[in-house]
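Accompanying notes for the structure given below.
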Amino acid sequence: MTPKIAIVGRPNVGKSTLFNRLTGTRAALVSDLPGLTRDRKEGEAELGGHPITIIDTAGLEVAAKGSIADRMRQQTEAAIGLADLVLFVIDARDGVTATDETFARTVRASGRPVVLIANKCEGRSSDEGFYEAFKLGLGEPVAISAEHGLGLGDLERDALAALGLKPKPRAKPGDGGSESEEDTGATERPLRVAIVGRPNAGKSTLVNAILGEDRMITGPEPGLTRDTVASDIAWQGRTIRLFDTAGLRRKAKVTELAEKLSTSDTVRAIRFAEVVVLLLDAERGIEHQDLSIGDLVTEEGRAIVIALNKWDLVESKQQALKELLRKIAEGLAQVPGVAVIPISAASEKGLDKLLRAIVTASEVWNRRVPTHELNRWLGEALARHAPPAPSGRRLKIRYMTQPSTRPPTFVAFCSRPDALPKTYQKYLLNSLRNTFDLPGVPIRLNLRGGDNPFAPKRRG
């Protein structure tokens, strides 16, 4: 019998967007207008190779008996009764509301297995709401963005585990590379790669070289590219979608409307990419604007690979590379170990090595550390170097978990989060990178007060 999964939560948390994402349709109406969904809607989906029925439900609201909202709630409760699994969705940007708490109790009372979802986690404004979700008593939340297709691999994993199912092997062409986290079971999605850099660094020439055709207009004039253009290639069994972008200059130099629009389009491409290739003109070396672009990429949490273009024109290559690596290590200290690949787009040299570095960066960006390994490492890290004791009071870090990937994000539960020095946090981050092999990607470490939320409660 096909398992049924009900998506529930208060109005406007993104239930219909998630329904459409999982079913691969636009069957559910989506709008910022709350309460658009009133009836249950069923759709077919595939999760880990298993056929699944997804039920979209009306938003849960506290309402007067007999009202439309009350009847909508009854429909939702009926869907919960039919379901083998409940996906309880909150809006992480809004945090946990009183309505969320009320209906979390309803879901717990149903006795159905539950996966808690913190939706709209595409930006940092969602961090606080994500952590608040622990208090709903529905287990560790899964951070996703239904609109942008982020976090669906984590959701698939937890949903299958709650249903007692294991993923079925999928026949894929090529080298059997890691599955995209956005994949919901039907088709592997392309790996999204944005090529960015200053004007005239050779971005369009690089894309043409990888594609093996003159797809983009190129020339000596800077700023030829205005629109972000996407092109797909197949490389070693993996589909890669390349986004050629307009060159990024300092804000003070961006004056024309067309260039302003191009710049915002490039920034948008960075935000929607999985890996960003920062292309440098090796003859000019690395400049302040290059580092500013690198900062933007890491602030957005994207994986980054640096390509040194026009390398065939550089004299004293060994000395030049040594100097460039030093400047990159200093200027992008927040992502130590970033891959730096010398290439020549014009003569098509170093392209395979660059593509290999892109795929590797994607794998690191998607890497998940098992909770038991993470806490074993934490115990060893604390034993090697204990947290300081400001004002004579010892700080305690009791537990750590990784709520999400893309980039790897860790949460440490600490007795006094505000008192933990930045230097000690840096020690933990560097140790995390070295122990779990996480070079060249941003890592988020967030501190939360309180005890391990999964520890047995003491009886008073």
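Looking across the stretch 326-368, the residues that are closer than 22 Å to Leu432 by Cα and of a type in the set (Gly, Ala, Ser) come down to Ala329, Gly331, Ala333, Gly337, Ala339, Ala357, Ala361, Ser362. Scanning the stretch 250-297 for residues that are modelled with pLDDT of 50 or more, farther than 28 Å from Glu323 by Cβ and open to solvent by 70 Å² or more (accessible area, probe 1.4 Å) yields Arg268, Arg271, Phe272.
Among Pro387, Pro407, which is the only one that is outside any helix (DSSP H, G or I), farther than 28 Å from Glu274 by Cβ and either among the small types (Gly, Ala, Ser) or modelled with pLDDT under 95 (or both)? Give the steps one after another, and end with the answer.
Numbers: Pro407 fails: farther than 28 Å from Glu274 by Cβ.
After applying the criteria, what remains is Pro387.
Only a single item in (1) at pLDDT 80 or above; (2) not in a loop (DSSP other than H, G, I, E, B) is not met by Ala201, and it is number (2). Under 6 Å between Cβ atoms, at least 6 apart or on separate chains: pull out the pairs that start in the stretch 301-319 with a residue that is without any contact (Cβ under 8 Å) to a residue 40 or more places away in the chain and end on any residue that is open to solvent by 70 Å² or more (accessible area, probe 1.4 Å) and in a strand (DSSP E or B). Within 6 Å, no pair qualifies. Among the residues of the stretch 333-370, those that are β-branched (Val, Ile, Thr) and not in a loop (DSSP other than H, G, I, E, B) comprise Val340, Ile341, Ile358, Val359, Thr360, Val364.
Restricting the first member to the stretch 372-399 and to residues that are of a type in the set (Phe, Trp, Tyr), and the second to residues that are open to solvent by less than 100 Å² (accessible area, probe 1.4 Å), the beta-carbon pairs closer than 7 Å and six or more apart or on different chains are Trp377/Thr435; Tyr399/Asn375; Tyr399/Phe413; Tyr399/Asn452. If the condition is being open to solvent by 20 Å² or more (accessible area, probe 1.4 Å) and either farther than 24 Å from Thr205 by Cα or over 32 Å from the mean Cα position of the chain (by Cα) (or both), then the stretch 326-344 contributes Arg326, Lys327, Ala329, Glu330, Gly331, Ala333, Gln334, Pro336, Gly337. Just so you know, in the stretch 345-361 the residues that are of a type in the set (A, V, I, L, M, F, W, C) and touching a residue at least 60 places away in the same chain (Cβ under 8 Å) include one that is surrounded by the most Cβ atoms within 10 Å (Cβ to Cβ), and it is Ala345. Every residue in the stretch 192-201 that is surrounded by fewer than 24 Cβ atoms within 10 Å (Cβ to Cβ) and touching a strand residue (DSSP E or B) at 6+ places or on another chain (Cβ under 9 Å), please. If the condition is that a residue be surrounded by fewer than 24 Cβ atoms within 10 Å (Cβ to Cβ) and touching a strand residue (DSSP E or B) at 6+ places or on another chain (Cβ under 9 Å), then Arg192, Arg198, Asn200 are the ones that fit. Which residues, counting only those in the stretch 410-446, are more than 20 Å from Thr298 (Cβ to Cβ) and either in a loop (DSSP other than H, G, I, E, B) or among the hydrophobic types (A, V, I, L, M, F, W, C) (or both)? Across the stretch 410-446, the qualifying residues are Ala412, Phe413, Cys414, Ser415, Arg416, Ala419, Leu420, Pro421. Where strands (runs of 3 or more DSSP E) fall entirely within the stretch 1-116, those with at least 3 residues that are at pLDDT 90 or above and not charged (D, E, K, R) are at 4-8, 50-56, 85-91.
May I ask you to verify whether Arg124 is of a type in the set (Lys, Arg) and either at pLDDT 90 or above or over 30 Å from Glu299 (Cβ atoms) (or both)?
No: the conditions fail for Arg124.
The values are calculated or read from the model by the stated rules, or taken from the named source; none is laboratory data. Given the structure is predicted, the values throughout are model-derived calculations rather than measurements. We place every Cβ from the backbone using ideal geometry, glycine too, and count neighbours over all the protein chains shown. Ligands, DNA and RNA are excluded from the accessible area calculation, which covers all protein heavy atoms including side chains. Shrake-Rupley method; radii C 1.70, N 1.55, O 1.52, S 1.80 Å.
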